[in-house]
Amino acid sequence: MLAHVEVVVGEGKAVFSADDEAVVAFVQEAIRSGRTASFFLSREQARILRSLHWTPERVKASRLEPVSSEEKSRIESELGLGDIGYFRFADFACKNGHTFSAYDFLKEGIREHGLDAVKAIFELKNAAFLRVNPHFVVTCPDCDQTMAGGIEYEGDTYPGCSYPDPPVRQ
């Protein structure tokens, strides 16, 4: 394990270890600061952050909905992703009314990072992945125009993301 840590640190990245409270506070500060960062969290840390972020009011306001079984089947058959487990996404539309869905989000992720990288996130057993404040420009897959609004999602291995300005409760 230390060999892997040394490789990560040698590439200019950091490995941060602390108790759950300190890690959650660190992630919240990263969100508030507007800095972009990626975190691999324990399932408990992800659960805490999810409870702070995805309140019932926030879920309702965001229109966050579980990905339907039909869309999951399409994701599996067309994108080659296996079971994505529990995953919620807030669809949104471009000015021409085309919808950007979880399917489109995952397709873009595969295009940008590769199928193996996206699969690896959904296959995490003891961890969850959170990317805060990324610079993510969404282009409509149908008419190729830049879409206004932001992406909001959360699931078993993604404790949740929302763009822009994810709220952090004190």
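Summary table below
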read-out: Normalised contact order of the chain, rounded percent, pairs of Cα under 8 Å and 6 or more residues apart; value: 28
read-out: Within straight-line cross-link reach of LYS119, lysines at Cα separation under 27 Å, skipping those fewer than 8 residues along the same chain; value: LYS13, LYS72, LYS107
read-out: Compactness index (Cα Rg / 2.2 N^0.38 Å), the chain; value: 1.06
read-out: Among GLU76, GLU65, GLU21: highest mean-square fluctuation, GNM of the chain, C-alpha pairs under 10 Å; value: GLU21
read-out: Segment LYS95-PHE16, length gained on full extension (0.36 nm per residue, minus Cα span); value: 24.2 nm
read-out: Gaussian network model of the chain, springs between alpha carbon atoms under 10 Å - residue of VAL67, VAL15, VAL59 with greatest fluctuation; value: VAL15
read-out: Estimated inter-spin distance, ASP83 and SER33, nm [label 7 Å along Cα→Cβ]; value: 3.8
read-out: Fully extended contour minus Cα-Cα distance, from GLU112 to GLU76, at 0.36 nm per residue; value: 11.2 nm
read-out: Euclidean distance between Cα centres, the range 112-127 to the range 34-102, Å; value: 15
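Throughout, read-outs are computed from the coordinates displayed, never taken from laboratory work. The model shown is predicted, which means the values in this text are computed figures rather than measured ones. A quick note on method: Cβ atoms are made from the backbone with ideal geometry, for glycine too, and the neighbour counts reach across all protein chains shown.
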